[in-house]
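This report refers to the structure that appears directly beneath it.
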Amino acid sequence: MERGKNNSECQLVALKYPEDADCPFISAKAKGKVAEKLLKIARENKVPLVQDDFLAGVLTFEEIGNAIPLETWEIVAKIFAHIAKSAGKN
């Protein structure tokens, strides 16, 4: 899940990467109060969160259900690798 702030408005983008998919896709996105509520729910459910304002800003231009843009693959791969590594330590 990605979260960023742009002009002090909370932005949130959720990503999903099913095992059979070629790349991650956008599963949800929100701004403002809705993003803050989704962020609270994610924290309560221990969903991994990463704050990257620039990436969140880029991904909010994409539609829900779309694959992430090719230009973001490297950074998103690093984020997923970090999350997987962190999950393995628990």
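Using the Cα centre of the chain as origin and beta-carbon charges of +1 (Lys, Arg) and -1 (Asp, Glu), tell me which of A81, A35, I64 is placed farthest towards the positive end of the dipole.
A35
Can you check what the net charge comes to around A67, using other residues whose Cβ is under 13 Å from the Cβ of A67 (Lys, Arg +1; Asp, Glu -1)? Write down the numbers at each step before the final one.
Details: positive: K16; negative: D22, E62, E63, E71.
Around A67, the charge tally is -3.
Check which residues have an amide H placed less than 5 Å from A28's amide H, if you skip close sequence neighbours.
The answer is A14.
Any idea of the accessible area per residue across the chain, 1.4 Å probe, to the nearest Å²? Kindly include the intermediate steps, with their values, before the conclusion.
Values: 6150 Å² over 90 residues.
With the other protein chains kept in place, the chain gives 68 Å² per residue.
Can you pull out the trypsin sites (Lys or Arg not before Pro) in region 1-82 whose DSSP state is coil and whose Cβ has at most 10 other Cβ atoms within 10 Å? All intermediate terms of the calculation are to be shown ahead of the outcome.
Working: sites: R3, K5, K16, K29, K31, K33, K37, K40, R43, K46, K78; in loops: K46.
Passing both the DSSP loop test and the Cβ count: K46.
Where the accessible area of region 16-90 is counted over protein heavy atoms with a 1.4 Å probe, how much of it, in %, is carbon and sulfur? Kindly include the intermediate steps, with their values, before the conclusion.
Values: 3130 of 5490 Å².
Answer for region 16-90 is 57 percent, counting heavy atoms of protein chains only.
Can I get the semi-axes of the chain's equivalent ellipsoid? Compute them from the C-alpha gyration tensor as square roots of 5 times the eigenvalues, in angstrom, largest first.
Details: eigenvalues 75, 56, 28 Å².
Three semi-axes, in Å: 19, 17, 12.
What does the helix-only formula give at 222 nm for the chain: each DSSP H stretch with n ≥ 4 adding -39500 (n - 2.57), the total divided by the residues, and the result rounded to the nearest 500 deg cm²/dmol? List each step's numbers first, then the result.
Numbers: 3 runs with 37 residues, N = 90.
So the helix-based figure for the chain works out to -13000 deg cm²/dmol.
The values are calculated or read from the model by the stated rules, or taken from the named source; none is laboratory data. Quick caveat: nothing in here was measured; it's all calculated off a predicted structure. Methodologically, a virtual Cβ is constructed for each residue, glycine included, from the backbone with ideal geometry; neighbour enumeration extends over all protein chains shown. Heavy atoms of the whole protein, side chains included, go into the accessibility calculation; ligands, DNA and RNA do not. Shrake-Rupley method; radii C 1.70, N 1.55, O 1.52, S 1.80 Å.
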